[in-house]
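The values are calculated or read from the model by the stated rules, or taken from the named source; none is laboratory data. Not measured: the values here are computed from a predicted model. Every residue, glycine among them, receives a Cβ derived from its backbone with ideal geometry; neighbour counts consider all protein chains shown.
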Amino acid sequence: MKKIKININNKNYFAKLGETILDVALREKIEIPHLCKHPDLSIKANCRVCLVEVKGMGLVTSCSTQVEEAIEVFTETENIKRARKTNLELIFAEHIEKCDTCIYQNNCILLKYAKEYDLKISRFEERKKHYPIWQFSDSIQFDSSKCIDCRNCVEVCEKMQTCNFYEIAERGVETVVKPRGQPVCHPELLPVPDWNSRAGVSESSNQVSEMPKQVRHDTCLDLLNNNDNKFDCTYCGQCIAHCPVGAISGVAHWQDVEKLLENRGNKILIAQIAPSIRVSIGEEFGQEPGKIMTGQLAASMKKLGFDYAFDVSLGADLTTYEEARELIKWLESSKPRPMFTSCCPSWVKFVEFFYPEFISHLTTTNSPQICSGSIIKTYFANILKKDPLDIIVVSIVPCTAKKHEANLEKHAKVVDYVLTTREYAYLLHKHKIDLPNLKPEDLDKPLGIHSGAAVIYGASGGVMESALRSADYFLRVKKQTGSIKYKKGIAMTRIEFKQVRGTQGIKEATVKVGGQKLNIAVINELGNARDFLEKLKENKIKYDYVEVMACPGGCIGGGGQPVPTNSEIRAKRAAALYKIDENLPIRTAHNNPVVQKIYKKYFKGDEELIEKIFHSKFKAVEKAGYYEI
Amino acid sequence: MFTQKIIKKIKKAGLIGRGCNNFSTADKWELVRKAKAKDEKFVICNVSESEPGVFKDRYILENYPEKVVDGIKIAMKTIHAKKGFIYLNPEYYEQFYDYLINIINSENSNIELYEKPLHDYVGGEETAVVNSMEGKRVEPRLKPPFPVISGFLNEPTLINNCETFYAVSLINSNEYKNTKFYCLSGDGVEDQVLELPVGITVSQALKKFNHTPNNNFFYQISGGASGTCYNHKQLNRKFSGLASIIIYNINKSEKDVVMKWLDFFKNESCGQCVPCREGTYRLRNIMEEYFTTGKLDKEVFEDLIFSLQNTSFCPLGRISVNAMLSYFKNIKNKNLNEKN
């Protein structure tokens, strides 16, 4: 690409044609504040904060102005300061500060700018005081009184995920972002919301104490203006990850967890960390993306007061083991191809709601957190000689949809609470636990033991690769023994399937597994999944096994991960997971001794019990509940 | 060749687009003609006409609709567009539908009438026109790309004002006499439209309308929302953009006059960008307070104006304070604002 020379603040820089002034400035570490610009999204230029002065052009937004040969740019003139400050103050007056309980308080870009640019934050009266807080089923809360109308959520939901769940309504200062089809803001028309025990508080709001508890959530919603059944939230949380001001957040479980930690009674408290959070949580403590913090996480869980620090990765190994066996059975059956993975609850909801005709393609194997939760409350409860009801399982995950998954009736509360990476980091900050400086510890035995195959679950392609490693093994076992049960002494398994790695939206390959050719595909982002399903519907493509993750790059780009996120950050997180895998002695689920032990000693070949504990069914779902708090 | 000949003729006639952008029509046509289409190009005749005090497009559609249709057909032929549209505000759509459809059908032209969903202000901006026709939110798009390169359905699109097509038709048939339409309205006068030479001054136009400027009135030129206010001594000047004059009784309540403009822009903001969405609202509120209590935070007032004028996404925000500022400066001789 052609390089040109431009001048910023009287210094020369090289730039590529097609780049914007902001692109160049960010690369050269020249500070230009910006809010609506997100590298994953299109340029909207609506916050008007990234102003620069270009000789001959006056004030322009640097995010939307492309570089030209020899342009002279200034980033700190009196005119810029004045306009930028005014626009930031106007934005501040749209955002009701609820800093006290906001989990973004250590990481708030608005507060940062307020300080850096000397904003008079009360110059304009706050205008969104009466704006509602929306809750999307039991997963996500959107506090529209914090919304600065940048529209990132609308775009990410529409373009990346093709769910179109948000819409912009009204005009001018009345403009609102809201769930599609819901009334703009007529509190008197809304029914009193019902609550389940966890609804009612966002990661970042202080609504908790007044909330009625212990009521189910699924009854109240159709009373609302439920216009049609075309749009629904899949709880992926990408709106959260792309909101610059924390207006959207996961439904918080941290308060409940904190209370239990303070007063546990006779309960045993168990925390389990999902594969991907060990390479992302460091960012909440100023570390580089991809910093591996497994040992510190183990120490932190103990320090907070959990009795056991386990790993969802063990659950991932169980999922892999079961899913590989299911795949082999599937390939031999007349079941419709392809078999789809189902460990991403957002993808599952997407199928259940938008494409129920593909429900029969979903593997019935439960997701890692459900598998490990089930094992904790059965196998491990036996070891402890405890009533499962006296065991509280808390998952720490990169995901908001896992909150919904854990709450599904069919999973019988094997996981009690689900914290996002952000929520857990916030809890640590709140309790003055400085994660990077903790002395690393080992995760607890037995359920902290895992393979490398489990850890890569956090990256798009990881589930596929893990399942292929074990499918390859089981196919060989089958050739020798006729059954698909673990057997010692079967030859080396193929480990790496590099074709399925990487962050492309759709990866396709033909792989040889156990002497058999499989057509596979790996998809991330729901928009890509929709394209794929549409092609599948027209019988244009044929596949045997397909992995789908809702979030960009898989769980490492999940809706519960630290903000900000972009492709570079996601690539670093993913690379760290593959590094962990490479360095682990055990790299396949079926070689995990704990997995082997559970199958041998606990299940003892009882396939009915395995079915009961590790599998569940799906059903088409109607539009779920969205209500105003 | 027809294409080059007509563009040359338009160029020679010196035709400037009759909307409010002051862009050379020949240059615009040339840009669309040269642009590469993925599939096909489009022509859109913009009859949004939403600037208060401007009603020349209605006058043209009432009197010369076949010239407008002829102009569109010339444009389609010139830029090789298979399809043309007439983008009408809801009121005009109702009034002119039958009339226009008859002309279009009798000539067998592939021109479709499109009803603008709202009779709003920003919906007349050319990228907002395109959004509107694509069923999207009616608000301006980021430019570039300009519609001449990527407009309706991301295809090269020629969007001209209704009067521009009228003028093109005249140029093509060698009847063009370098005239345009001037509108007069306001206190003590009936709404009138006159076809007068291009480039005359406000005073000359008023003379043709039989109005003698005097100190009982002030005058808003080139649009009732965004136009500039002048006193009776300042009228020896040409129009910039739209040729309209609104006469105001000099004794009209200052509050009524100013609040009408501020309300207008607050209500017409599309809500896309911060300075316009928030700024027009805040400005309206502090001015209402000023008119009630006499108190005004001058710094806030000036900062809001600065931000609106210099950082708004589209022209609507940038010109939203023009009428008020010129009114204070030229009519009230008040120094509320910075000089501009």
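Just to be sure before I move on: is B:Gly271 of a type in the set (Gly, Ala, Ser), under 18 Å from B:Glu125 (Cβ atoms) and assigned to a helix (DSSP H, G or I) in the structure I sent? Here the answer is no, as B:Gly271 does not meet what is asked. Residue count for region A:586-614 under the criterion of being within 28 Å of the chain's Cα centre (by Cα) and surrounded by fewer than 15 Cβ atoms within 10 Å (Cβ to Cβ): the result is 2. The residues listed here are A:Gln516, A:Gln499, A:Gln480; of these, the one that is surrounded by fewer than 24 Cβ atoms within 10 Å (Cβ to Cβ) and within 25 Å of the chain's Cα centre (by Cα) is A:Gln499. Of the listed requirements (1) touching a residue at least 60 places away in the same chain (Cβ under 8 Å); (2) touching a Ser or Thr at 6+ places or on another chain (Cβ under 7 Å), A:Ser367 misses just one: (1). Taken over region B:40-87, residues that are of a type outside the set (D, E, K, R), part of a loop (DSSP other than H, G, I, E, B) and surrounded by fewer than 22 Cβ atoms within 10 Å (Cβ to Cβ) amount to 6. Among the residues of region B:256-270, count how many are in contact (Cβ under 8 Å) with a residue 24 or more places away in the chain, surrounded by fewer than 22 Cβ atoms within 10 Å (Cβ to Cβ) and within 9 Å of another protein chain (Cβ to nearest Cβ). Going through region B:256-270 one residue at a time, the tally reaches 1. The residues on offer are B:Glu94, B:Glu139, and the sole one that is in a helix (DSSP H, G or I) and farther than 22 Å from B:Gly71 by Cβ is B:Glu94.
Within region A:65-84, being surrounded by fewer than 20 Cβ atoms within 10 Å (Cβ to Cβ) and at the interface with chain B (Cβ under 8 Å from one of its Cβ atoms) holds for A:Asn79, A:Arg82.
The condition (being away from chain A (no Cβ under 14 Å) and outside any helix (DSSP H, G or I)) is satisfied by just one residue among B:Ser320, B:Ser226: B:Ser226. Contact map, region B:117-132: first residue closer than 15 Å to B:Val148 by Cβ, second residue of a type in the set (Phe, Trp, Tyr) and buried (at least 21 other Cβ atoms within 10 Å of the Cβ), Cβ cut-off under 6 Å, separation 6 or more or different chains; pairs are B:Val129/B:Tyr87; B:Val130/B:Phe152. Restricting attention to region A:150-181, the residues that are in a loop (DSSP other than H, G, I, E, B), within 13 Å of another protein chain (Cβ to nearest Cβ) and either within 22 Å of A:Asn566 (Cβ to Cβ) or of a type in the set (Ser, Thr, Tyr) (or both) total 3. In region A:555-578, the condition of being within 23 Å of the chain's Cα centre (by Cα), buried (at least 16 other Cβ atoms within 10 Å of the Cβ) and over 30 Å from A:Asn152 (Cα atoms) is met by at least one residue.
Here B:Ser150 meets the list (1) part of a loop (DSSP other than H, G, I, E, B); (2) small (Gly, Ala, Ser); (3) touching a Gly at 6+ places or on another chain (Cβ under 8 Å) almost entirely, failing just condition (3). For region B:277-303, taking the residues that are within 16 Å of B:Met259 (Cα to Cα) and hydrophobic (A, V, I, L, M, F, W, C), the one that is farthest from the other protein chains (Cβ to nearest Cβ) is identified as B:Phe291.
Quick check on my filter: what residues within region B:304-317 are in a helix (DSSP H, G or I) and either out of contact with any Gly (no Cβ under 9 Å at 6 or more places or on another chain) or among the β-branched types (Val, Ile, Thr) (or both)? Once the filter is applied, which keeps residues that are in a helix (DSSP H, G or I) and either out of contact with any Gly (no Cβ under 9 Å at 6 or more places or on another chain) or among the β-branched types (Val, Ile, Thr) (or both), region B:304-317 yields B:Ile305, B:Phe306, B:Thr311, B:Pro315, B:Leu316. Among the residues of region A:255-283, the ones that are part of a helix (DSSP H, G or I) and crowded, with 23+ Cβ neighbours inside 10 Å come to 9 in all. When A:Lys115 is tested against (1) in contact with a helix residue (DSSP H, G or I) (Cβ under 9 Å, 6 or more places away or on another chain); (2) free of Cβ contacts under 8 Å to residues at least 24 places away in the same chain, exactly one condition is not met: (1).
The condition (being under 23 Å from A:Asn106 (Cβ atoms) and in a helix (DSSP H, G or I)) is satisfied by just one residue among A:Ile598, A:Ile580, A:Ile569: A:Ile569. Filtering region B:22-39 to residues that are loosely packed, with under 14 Cβ neighbours inside 10 Å and part of a loop (DSSP other than H, G, I, E, B) leaves B:Asn22, B:Lys36, B:Lys38, B:Asp39.
Among the residues of region A:432-445, those that are assigned to a loop (DSSP other than H, G, I, E, B) and either within 23 Å of the chain's Cα centre (by Cα) or surrounded by 16 or more Cβ atoms within 10 Å (Cβ to Cβ) (or both) comprise A:Ile433, A:Leu438, A:Glu441, A:Leu443, A:Asp444.
List the residue pairs whose Cβ atoms are under 7 Å apart, where the first residue sits in region A:122-134 and is under 21 Å from B:Arg284 (Cα atoms), the second is outside any loop (DSSP other than H, G, I, E, B) and among the hydrophobic types (A, V, I, L, M, F, W, C), and the two are 6 or more positions apart or on different chains. Final answer for the pair search is A:Arg123/B:Val300; A:Phe124/A:Leu90. Residues that are surrounded by fewer than 24 Cβ atoms within 10 Å (Cβ to Cβ) and at the interface with another protein chain (Cβ under 8 Å from one of its Cβ atoms) were ranked within region A:51-64; the one that is nearest to A:Asp23 (Cα to Cα) is A:Ser64. Any idea which of A:Arg48, A:Arg123 is facing chain B (nearest Cβ under 10 Å), in contact with a Pro (Cβ under 8 Å, 6 or more places away or on another chain) and among the basic types (Lys, Arg)? Answer to the selection: A:Arg48.
For residues in region A:155-177 being under 17 Å from the mean Cα position of the chain (by Cα) and of a type in the set (Val, Ile, Thr), which is surrounded by the fewest Cβ atoms within 10 Å (Cβ to Cβ)? Among those residues, the one meeting the criterion is A:Thr162.
The residue of region A:85-116 that is farthest from the other protein chains (Cβ to nearest Cβ), among those that are assigned to a helix (DSSP H, G or I) and among the polar types (S, T, N, Q), is A:Thr101. Considering the conditions (1) surrounded by fewer than 24 Cβ atoms within 10 Å (Cβ to Cβ); (2) touching a residue at least 60 places away in the same chain (Cβ under 8 Å), A:Lys335 is excluded by exactly one of them, (2).
Scanning region B:25-45 turns up no residue that is over 19 Å from the mean Cα position of the chain (by Cα) and under 29 Å from B:Gly186 (Cβ atoms). A single member of A:Lys479, A:Lys485, A:Lys410 is closer than 30 Å to A:Ile520 by Cβ, part of a loop (DSSP other than H, G, I, E, B) and at pLDDT below 95, and it is A:Lys485.
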